[in-house]
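*Asks:* Quick one: the structure is below, questions incoming.
The values are calculated or read from the model by the stated rules, or taken from the named source; none is laboratory data. Owing to the predicted nature of the structure, the values given are computational and were not obtained by experimental measurement. Positions of Cβ are generated from backbone atoms using ideal geometry, with glycine treated the same way; all protein chains shown enter the neighbour counts. Ligands, DNA and RNA are stripped out before the accessible areas are found, and what is left, the full protein with its side chains, is counted by its heavy atoms. Shrake-Rupley method; radii C 1.70, N 1.55, O 1.52, S 1.80 Å.
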Amino acid sequence: MRDGRLPRQANAKPKPTRTQHRSLSLSLSLSLSPSLSSRARDDNEKPRRCRVPRRFRSPEMEASGSWDAIDWNQIEDPRSRRSSQGMEEFLLEDEEVYAQGHGVVLLNTDEAGIVSVTNFRLLFVSQATKSIIELGTIPLSTIEKLNDDVKLQSVPRQYDKKQPRELLQVIGKDMRVIVFAFRPRTKQKNEVFDALRRYAKPSQLWELYAFSCDPSTVDKKSDPKMRLMKEYHRLLSEGSEFEVEKYYFRNNWRLTTVNSSYSLCSTYPSQLIVPKSISDEDLWQASTFRAGRRLPIISWCNPVSGAVLARSSQPLVGLMMNFRNNADEKLVSALCIQNVDANLPPRKLYIVDARPRANALANGAKGGGSESSSNYPKSEVLFLGIQNIHTMRDSLSRLRDYVDAHGSISSNGSSSAVSLVGDRRNRGSTWGGGSLNSMTQFSSMLGEWLNHIQNILVGASWIAAQIAQESASVLVHCSDGWDRTTQLIALACLLLDPYYRTFDGFQALVEKDWLAFGHPFAERLGIPTVSENGGSQYELLRQPSVGNLTSSPSRGSLGTPGSSSNTSVQSQTSNNSSPILLQWLDCIAQLLRLYPAAFQFSSKFLVDFMDCVLSCRFGNFLCNSEREREQSGVTSSCHCMWTYLADLRASGGSFHEHINPFYDRERYWLPLVPPAAALAPTLWPQFYLRWTCPPESQGGGLESHGHSMRKKYEASVKSKEMAESRSRDIKMKMESMLTDLQRERRASSSALAMAQRARRENVAIKRAIQTIGCTVNFSTNENQVDKPEEMSYSFRREADTVSQQDDNADMSVSISAIEDSLVSETPSNQVCESLCPFRSREGCRWPHAACAQLGSQFVGLKANFDAFDRLSVKDCYFPKE
């Protein structure tokens, strides 16, 4: 199914279900209507036929002339025809291979291997080590650009200069630039390139890898709306970090469900925190005065001081800035609750516009603009000068290109680009292989990016300082209220509330200010979102940050989002991607460098978090708003990223690399207010340099040394535990051996006593037999001669035996009786034979019958009763016990 052709199976039936979001493929990923795929037909009913649009006709259909009608019965799920192509051990669950190339060289590391295009990633496996090469393995959603027309100045070392090469360049959103060299005169490069173009930029949301999992394996209890409600209650009630008895102002705010159907604002959460003095009707009226109906809403509040941190979009004041709205002014004024203590100065309200002043004025020509402090009592309006999404995207692109060109691992096939710039003879003393001009160029590019980071840091720190030190209320907005506003609000909350600097708090903060308040992740990541063309779903067009306000469909009639007939590929045709989330994480990394013990998580956690978002492996960051995620069913159809990260930490215990080894909650339980002089950011090496300068990206940080020390400590603890375990085992074995020894001693003592008793009995038997007239001879087994008239009695000699025989030999006692011919026939003998209980018709059975019992031993002999009559046995014959 790699080429998208229709399979020819007569009895195959469509398998898509709406629950699993399976989309069938017809030449180019043609979507079937749910009514066609789920409608049952009788066996006698003729197959339904449908005209295929020309853009979806395959070459085979054109050639056969049967392209105008197709049998839907002959369409099967293309997933059933894909194979792993021998890569089973390297694939994830539900991952399938679409295209593959052998003998491909990764020019960055000059390593040969197998490159495979799956439904999730571009996978590169080394031929030498049979392992996945992390640099050459990138998720499809992380790929930003593909270039098959690559010309390098340096020559790969595994190729001859005269040999032609087919190169493919892959540029990632994670600062990665990799180049693959394919074998010449083969179709491998074209197959891989075509598969990447098709699957790296899907046209529908359901084609993402996140929807390939079995919905029955998804945790249905993981509801983001319930977690948002839990965070709201933490802010307003006993779940807060502050003491309950100090809640002077918690009765001034309330939770409203006016947006439960997303009719008030389609990009806001279903439940909102608003001042208690503002009615729902006031909210409806105020929403008409804000861009995208994103009216001022409380994001964080301090129940002790009464200060709030609110967010919104720009007001629609018009070109002359003379439009006003009474409900909006009432709502903004209600954010600034006056102090209860009359001795305190009146509370101030700061309205922070994240844009440059010139940009705000330019938006006035399109209907937007900024507030006037004269219309909002006790307020002050400030501008932070943060640039728009397009400036940020271009700045990161320039930084990525330069880092790739001058890193120790470069996509051009040469180390540090020494052969391209700088002095080869002075290689060791030049910076990164570059000259002074290249250093100046890099400083300019780096300074441009770090300047953007510093502006965000300074703005968020200033906001946190006003709330923490002056107990002032702050309203933040930009143009749309979902990019720069989200950065500032989330970063200020991180500074103000120590709960957000923990793992659980970080999740609550992201889900509240980034996800619930409608940051457009689909647009910023360049992935598709839901659309009306895909069945019962809908498309929600978004307004770009510098777009035309009057043309935005979100400003139509109240509660009616705009739509378009050509919106299913909007994220592909409009270039609204931008590293907004990356900048926010970069700012956190800068704060982590300033306050190493204030955060429970580490810089490595931030890197892995960003990678998870870019990969689109999970459903948490799909779509553009809470409403879109709810109606597209991503929560019930895709796995949760937070569960994955929690399981990852649990697998490593307290020493996992995501956990900050220096975290001290007792020391940093108050708000962080960094001074302006300390807000001088540096390049975040763990993220920006990890692909081009791996040793430098981890070697110089305090955090990396801490993890190294913790690993050594963990190794020593494990060694100690193993030694203690071996000591316990040895002790248990010694105790067991001691018990066995004591048991053997008791058994030996008992056997010795029995041997002594048997010896005394044997002596007594010997004396008794000798009195009868029998001869007793002692001999060892090896010297014993068998005689028919003798009977042998054997016993094991004990240690105290008086005999001089060998200890290992058995002693044999031979008793010789008088022969029958020498015994006279006497009446006594006849009496014996008549009274013998063992006598039979054959006569006496001695010595095969026990005729006498002496002591505890049976001795078989033919008794001479005449001798017994003449025998007198005296007690002196037997020694006393």
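*Asks:* Find the accessible area per residue for region 608-673; the probe is 1.4 Å, ligands and nucleic acids are left out, and the unit is Å².
*Replies:* Working: 2720 Å² over 66 residues.
Value for region 608-673: 41 Å² per residue.
*Asks:* Using alpha carbons only, how many angstrom separate the centre of region 571-623 from the centre of region 167-201?
*Replies:* 26 Å
*Asks:* Using a 1.4 angstrom probe on heavy atoms only, work out the carbon and sulfur share of the accessible area of region 251-380 in %.
*Replies:* Working: 2550 of 4790 Å².
In region 251-380, the share of accessible area belonging to carbon and sulfur is 53 percent.
*Asks:* Just order 398-408, 255-265 by mean Cβ neighbour count inside 10 Å, highest at the front, would you? Please list the in-between numbers first.
*Replies:* Numbers: 398-408: 20.0, 255-265: 17.2.
The densest-packed peptide leads the list: 398-408, 255-265.
*Asks:* Peptides 478-485, 453-460: what's the order by average Cβ count within 10 Å, highest mean first? Present the calculation step by step, with values, prior to reporting the outcome.
*Replies:* On the way: 478-485: 27.9, 453-460: 22.2.
Those peptides, ordered most packed to least, come out 478-485, 453-460.
*Asks:* Mind listing the long-range amide H neighbours of residue 383? Cut-off is under 5 Å, sequence gap 5 or more, other chains count too, H placed in the peptide plane at 1.01 Å from N.
*Replies:* Those lying under 5 Å, H to H, from residue 383 are 353.
*Asks:* Continuing with the same structure: Given R₀ = 22 Å, what would the calculated FRET efficiency be for residue 644 paired with residue 261, taking r from the Cβ atoms and rounding to 0.05? Can you show the working numbers first?
*Replies:* Numbers: r = 32 Å, r/R0 = 1.44.
Once the sixth-power term is evaluated, E becomes 0.10.
*Asks:* Mind ranking 213-224, 132-143, 755-766 by how tightly packed they are, going by the mean number of other C-beta atoms within 10 angstrom, highest first?
*Replies:* Numbers: 213-224: 12.8, 132-143: 20.7, 755-766: 15.2.
Highest-to-lowest ranking by the protection proxy: 132-143, 755-766, 213-224.
*Asks:* While we're looking at this one, here's another question. Would you mind working out the accessible area per residue for region 298-357, using a 1.4 Å probe, and quoting it in Å²? List each step's numbers first, then the result.
*Replies:* On the way: 2340 Å² over 60 residues.
Value for region 298-357: 39 Å² per residue.
*Asks:* Report in % the part of the accessible area of region 647-728 that belongs to carbon and sulfur, leaving out ligands and nucleic acids; probe 1.4 Å. Numbers along the way, then the final one.
*Replies:* Numbers: 3010 of 5100 Å².
Result for region 647-728: 59 percent of the exposed heavy-atom area is carbon or sulfur.
*Asks:* When the C-alpha atoms of region 675-762 are aligned to their principal axes, what extent does each axis show, in angstrom, from largest down?
*Replies:* Between the extreme Cα coordinates on each principal axis of region 675-762 lie 106, 32, 12 Å.
*Asks:* If you don't mind, another one. Percent of accessible area on region 162-230 owned by carbon and sulfur, 1.4 Å probe? If you can, show how the numbers build up before the last one.
*Replies:* Details: 1690 of 3280 Å².
Ligands and nucleic acids excluded, carbon and sulfur give 52 percent.
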